[in-house]
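Before any comments, here is the structure.
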Amino acid sequence: MSKTMLIDAAHAEETRVAIVDGRQLEEFDFESKARRQLRGNIYLAKVTRVEPSLQAAFVEYGGNRHGFLAFNEIHPDYYQIPVADREAIMAEADSDEDHEDDLGRESSDDEGDSEGKLADEERLKRRLMRRYKIQDVIKRRQILLVQVVKDERGGKGAALTTWLSLAGRYCVLMPNTGKGGGISRKITQAADRKKLKEIAGEMDVPEGAGLIIRTAGAKRTKAEIKRDYEYLLRLWETIRETTLRSHAPSMIYEEENLVRRAVRDMYDKEFDGIQVEG
């Protein structure tokens, strides 16, 4: 049975989106002025406290509470160490050593890749945590560019990362993850994977960045995927320019609102249609 997306925007104070399969409710989400989603937003933040016992930092980014930044979510670019040491660390990320640590990871939206790119990132993070302690490389009042990965909940502040990712319609650009192209695990057809791998290989991905083609890109043309990728590159350039003009704490980039995300999801899934109230 086909699915239908229902959007209720009748009241300015709250917007609701539901996905129904026949008469069964599959998903429901809402956004209100009192509960705005922070996940995906990017901020210029300032470290307010380094907590050795937690191996984490608390940062002021502009939310209701200070955000929580775990040590393994801090990119080596922010380490206050000699440049030569930092370059040696990043060179290790491209080596084939330490295979016993290759546990891999599943991303929150299942947009992984089969080439082990993100597993390499995890190996790098574990190496760094064995070699350094957060109190040795991160200092109070240090300025960081962070992205929200978990919204504030209860008495807890938002969970943050400095490993940024920008999701488009068909691609995900990881501007400071230095790995090449990858394909979503959800794309299982061998012909589709081969075609998309060739397309990803032809993209001019900047050094130090990574690119994943999402599930929604499986049946798209090279021109469509390239257009989405170029949009993400322009978006990243805008974020960089905005960052240079800003003072911490401040918002640099705001993720799309609930309605725009819902409409974008239409391109990722099969829907019979959309019904809008309001």
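The values are calculated or read from the model by the stated rules, or taken from the named source; none is laboratory data. Just so we're clear, the structure is a prediction, and the values are computed from it rather than from any experiment. Cβ placement follows ideal geometry from the backbone for every residue including glycine, while neighbour counts extend to all protein chains displayed. Side chains included, ligands, DNA and RNA excluded: accessible areas come from the protein's heavy atoms. Shrake-Rupley method; radii C 1.70, N 1.55, O 1.52, S 1.80 Å.
Suppose we keep only residues that are in contact with a strand residue (DSSP E or B) (Cβ under 9 Å, 6 or more places away or on another chain) and at positive phi within the stretch 50-101. Which one would you say is modelled with the highest pLDDT?
Checked the stretch 50-101; the qualifying residue modelled with the highest pLDDT is Gln55.
Can you list residue pairs whose Cβ atoms sit under 8 Å apart, with the first residue in the stretch 149-173 being over 30 Å from Thr221 (Cα atoms) and free of Cβ contacts under 8 Å to residues at least 60 places away in the same chain and the second being hydroxyl-bearing (Ser, Thr, Tyr) and open to solvent by 40 Å² or more (accessible area, probe 1.4 Å)? Count only pairs 6 or more apart in sequence or on different chains.
Close Cβ pairs (under 8 Å, with a partner that is hydroxyl-bearing (Ser, Thr, Tyr) and open to solvent by 40 Å² or more (accessible area, probe 1.4 Å)) do not exist here.
Would it be correct to say that Thr4 is modelled with pLDDT of 80 or more, among the hydroxyl-bearing types (Ser, Thr, Tyr) and assigned to a strand (DSSP E or B)?
Yes: the conditions hold for Thr4.
Please go through the stretch 133-161 and give me each residue that is outside any strand (DSSP E or B) and surrounded by fewer than 19 Cβ atoms within 10 Å (Cβ to Cβ), ordered by number.
Lys133, Gln135, Asp136, Lys139, Arg140, Arg141, Gln142, Asp151, Glu152, Gly154, Gly155, listed by residue number.
When residues of the stretch 227-244 are filtered for being within 18 Å of the chain's Cα centre (by Cα), open to solvent by 70 Å² or more (accessible area, probe 1.4 Å) and of a type outside the set (Asp, Glu), how many remain?
Residues that pass the stated criteria total 4.
Within the stretch 194-217, take every residue that is of a type in the set (A, V, I, L, M, F, W, C) and not in a strand (DSSP E or B) and give me the one that is modelled with the lowest pLDDT.
Ala216
In this structure, does Thr188 turn out to be in contact (Cβ under 8 Å) with a residue 24 or more places away in the chain and assigned to a loop (DSSP other than H, G, I, E, B)?
For Thr188, the condition - in contact (Cβ under 8 Å) with a residue 24 or more places away in the chain and assigned to a loop (DSSP other than H, G, I, E, B) - is not met.
Within the bounds of the stretch 31-48, is there any residue that is at pLDDT 95 or above and open to solvent by 50 Å² or more (accessible area, probe 1.4 Å)?
Yes, the stretch 31-48 has at least one match.
Name the residue that is farthest from Asp204 (Cα to Cα), counting only residues in the stretch 233-278 that are acidic (Asp, Glu) and modelled with pLDDT under 60.
Filtering first and then ranking leaves Glu277.
List the number of the failed condition for Asn176; all other conditions in (1) outside any loop (DSSP other than H, G, I, E, B); (2) polar (S, T, N, Q); (3) closer than 26 Å to Asn72 by Cβ hold.
So the condition that Asn176 fails would be (1).
When you scan the stretch 189-226, how many residues do you find that are open to solvent by less than 20 Å² (accessible area, probe 1.4 Å), touching a Lys or Arg at 6+ places or on another chain (Cβ under 6 Å) and not hydrophobic (A, V, I, L, M, F, W, C)?
Matching residues across the stretch 189-226 total 1.
Here is a check on your reading of the model: is Glu27 open to solvent by 50 Å² or more (accessible area, probe 1.4 Å), free of Cβ contacts under 8 Å to residues at least 12 places away in the same chain and out of contact with any Asp or Glu (no Cβ under 9 Å at 6 or more places or on another chain)?
yes
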